[in-house]
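The structure under discussion appears below in the form of structure tokens.
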Amino acid sequence: MPKDYLDAVRQAGQTVNPLFAFLGMVVETIEPDRAVLRLPFRPELIQGGGVVAGGVLAALLDETMAHAVLGGNKPGHKTTTVNLSVSYLRPAGPGADLTCEARVIKRGGRVLFVEAEARSGDLEAARATASFLLLA
């Protein structure tokens, strides 16, 4: 890890990340300090108000940021989220896939700072910042 994991998570029908499989997340790009994930629309992602649930957006943002971190980690280094702040900018309505892009802003000795944005179609739906802790 992370190379073996990152190679496996990119594969269709992967089983190394059960959350990806459950939600239907698809890896578009993972490279050092940058990742893009896509969440194809499914009616099960909609909450009672008729829009994508905020928790689904938060999960997509968090996972995309974590994979941006993993893409730049040295072999054997793992990571965990220690802080996540999400700003919801507009509802993500039904029908459009969600796409999220994340970038590592700063790699400290043990703490990394990351930003991400999630889009519903062409519109930005949410933005997040997070801190991640490197685990050796």
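The values are calculated or read from the model by the stated rules, or taken from the named source; none is laboratory data. Since this is a predicted model, take the numbers as computed values, not measurements. Every residue, glycine among them, receives a Cβ derived from its backbone with ideal geometry; neighbour counts consider all protein chains shown.
Tabulated results
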| read-out | value |
| --- | --- |
| Tally of residues being at negative phi, surrounded by fewer than 23 Cβ atoms within 10 Å (Cβ to Cβ) and either assigned to a strand (DSSP E or B) or out of contact with any helix residue (DSSP H, G or I) (no Cβ under 8 Å at 6 or more places or on another chain) (or both) across the range 90-114 | 17 |
| Checking Ala35 against (1) in a strand (DSSP E or B); (2) touching a Leu at 6+ places or on another chain (Cβ under 6 Å); (3) within 24 Å of Ala12 (Cα to Cα), the condition it does not meet | (2) |
| Ala125 vs. criteria at pLDDT 95 or above and either in contact with a strand residue (DSSP E or B) (Cβ under 6 Å, 6 or more places away or on another chain) or within 16 Å of Leu19 (Cβ to Cβ) (or both) | yes |
| Flag for Gly76 being touching a Pro at 6+ places or on another chain (Cβ under 6 Å) and either crowded, with 17+ Cβ neighbours inside 10 Å or outside any strand (DSSP E or B) (or both) | no |
| Residues located in the range 18-32, provided they are buried (at least 18 other Cβ atoms within 10 Å of the Cβ) and touching a residue at least 40 places away in the same chain (Cβ under 8 Å) | Phe20, Val27, Ile30 |
| Any pair with Cβ under 7 angstrom, 6 or more apart, that starts in the range 96-109 at a residue that is over 25 Å from Ala53 (Cα atoms) and ends at one that is of a type in the set (D, E, K, R) and surrounded by fewer than 20 Cβ atoms within 10 Å (Cβ to Cβ) | Val104/Asp33; Ile105/Glu115 |
| Qualifying residue in the range 58-73 (condition: more than 24 Å from Gly24 (Cβ to Cβ), assigned to a strand (DSSP E or B) and either touching a residue at least 40 places away in the same chain (Cβ under 8 Å) or over 12 Å from the mean Cα position of the chain (by Cα) (or both)) | no |
| Some residue of the range 3-17 being more than 18 Å from Ala118 (Cβ to Cβ), in contact (Cβ under 8 Å) with a residue 60 or more places away in the chain, among the charged types (D, E, K, R) and part of a helix (DSSP H, G or I) | yes |
| Residue count, the range 82-107 (criterion: in contact with a Leu (Cβ under 9 Å, 6 or more places away or on another chain) and at pLDDT 95 or above) | 17 |
| Unmet requirement for Asn83, which otherwise passes all of (1) surrounded by 14 or more Cβ atoms within 10 Å (Cβ to Cβ); (2) under 15 Å from the mean Cα position of the chain (by Cα) | (1) |
| Given (1) charged (D, E, K, R); (2) more than 13 Å from the chain's Cα centre (by Cα); (3) in a strand (DSSP E or B), index of the condition Glu117 fails | (2) |
